[in-house]
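The values are calculated or read from the model by the stated rules, or taken from the named source; none is laboratory data. Predicted model, so just to flag it, every value in this text is computed and none were measured. Please note: Cβ atoms are built from the backbone with ideal geometry, for glycine as well, and neighbour counts cover all protein chains shown. Heavy atoms of the whole protein, side chains included, go into the accessibility calculation; ligands, DNA and RNA do not. Shrake-Rupley method; radii C 1.70, N 1.55, O 1.52, S 1.80 Å.
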Amino acid sequence: MKPHFHKIPSTLQSSFSIRHDIKSDFGNIWHYHPELELHYVIKGEGVRFIGDNISNFTPGEMILVGENLPHTWRCKDEYFQNNPDLNVEAMVIQFLPDCLGSYLLSLPEAYLIPKLFEKAKSGMVINGQAKDKLAELMSSSIEATHLDRIIILLSILKTLAETDEYSTIVTGKSTFYQSNESETLRINKICNYTMTNYKNDITLEEIASLSNLSITSFCRYFKLMTKKTYYDFLIEIRVSHACRFLIENKLPTEMICFDCGFNNVSNFYRHFKKVTGMTPLDYKRKYLNE
């Protein structure tokens, strides 16, 4: 889908942005920016869209998003019901690749940092001890001032550059282009409608009408923007919700199948294995054991 350019607020007194967010939800605009973003979810659940990847997010997930890599964190429907007791919490650091000066990147001692920035273009899920150390550093950076902020950012970059405790998010090399306002509104309208109605039988006629396009034009437009068909996009969203229900382990697999919009069990099993590479039972066993 075509992402929206987002301008990160900046001040003359700061070379990078660090914030601790506590709010009702993470929003739902799929966007990109030239800054890298280290995003640590403390509270909140839902589905995240990063590049061409659709996956669940849960508390404790830490992700490094590279420059101009489109992304959004879309909370579960419960977060949009105006419940004052339900909110999200995250720590977020955003910084330009040369925020500490382009000369730093050319130093022989800093050769791992440009390599890190290149890896981040595909998105990185940070795990293990590296994640724990980074969470402490991010927390310290919120109250830090003056040179202490720079020292902490360098420590964060050092930890990210040296760790092998990560997994890559985007597997393909899709190119994303800038979008105008009308295209941004259209693609986010499609995304939000699908996230809200994925349990229902969404027809191409229905979604094309929502986009003010003919079915043929919509299919061509959606494939161009997302590098996948709308049907594949819908299936991935349904499977991502099924994954969350399986991990929660509160419902039988057959009930999860129909609750996620699949019309029969064999169809569900086929699509689930195609998307995840595992059967629902294997997926549940793997994550419950972890």
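What to note about this one:
- Identity of the residue in the stretch 259-270, closer than 19 Å to M195 by Cα and not in a helix (DSSP H, G or I), that ends up most open to solvent (accessible area, probe 1.4 Å): N263
- A Cβ distance below 6 Å, combined with a sequence gap of six or more or placement on separate chains, defines the contacts here; from the stretch 31-52, residues that are over 22 Å from Y198 (Cβ atoms) and aliphatic (A, V, I, L, M) reach residues that are open to solvent by 10 Å² or more (accessible area, probe 1.4 Å) and in a loop (DSSP other than H, G, I, E, B) in the pairs L36/E67.
- Filter pass, F222 being outside any loop (DSSP other than H, G, I, E, B), within 27 Å of D25 (Cβ to Cβ) and over 18 Å from the mean Cα position of the chain (by Cα): yes
- Taken together, the residues in the stretch 17-45 that are open to solvent by 50 Å² or more (accessible area, probe 1.4 Å) and assigned to a strand (DSSP E or B) amount to 6.
- Residue tally, condition more than 11 Å from V239 (Cα to Cα) and either in a helix (DSSP H, G or I) or not hydrophobic (A, V, I, L, M, F, W, C) (or both), over the stretch 271-284: 6
- When the helices (runs of 4 or more DSSP H) confined to the stretch 93-172 are screened for residues that are acidic (D, E), under 26 Å from W73 (Cβ atoms) and not assigned by the TED database to the domain that holds V275, those reaching at least 2 such residues are found at 128-143.
- First in the stretch 140-169 and polar (S, T, N, Q), second anywhere and open to solvent by 50 Å² or more (accessible area, probe 1.4 Å) and assigned to a helix (DSSP H, G or I), Cβ under 7 Å, 6 or more apart: T159/K133
- On inspection, H31 passes the criterion of being within 15 Å of C191 (Cβ to Cβ), in the same structural domain as I142 (by the TED database) and either touching a His at 6+ places or on another chain (Cβ under 6 Å) or modelled with pLDDT of 95 or more (or both).
- Test result for I113, over 28 Å from D232 (Cα atoms) and touching a helix residue (DSSP H, G or I) at 6+ places or on another chain (Cβ under 7 Å): yes
- Within the option set I215, I256, I207, being β-branched (V, I, T), over 19 Å from the mean Cα position of the chain (by Cα) and surrounded by fewer than 17 Cβ atoms within 10 Å (Cβ to Cβ) holds for one residue only, I215.
- Residue ID - modelled with the highest pLDDT, chosen from residues in the stretch 279-290 that are open to solvent by 40 Å² or more (accessible area, probe 1.4 Å) and within 23 Å of P59 (Cβ to Cβ): R285
- Every listed requirement among (1) surrounded by 14 or more Cβ atoms within 10 Å (Cβ to Cβ); (2) over 23 Å from the mean Cα position of the chain (by Cα); (3) more than 19 Å from I202 (Cα to Cα) is met by T276 save one, (2).
- Scanning the stretch 47-103 for residues that are polar (S, T, N, Q) and under 27 Å from E143 (Cβ atoms) yields T58, N87, Q94.
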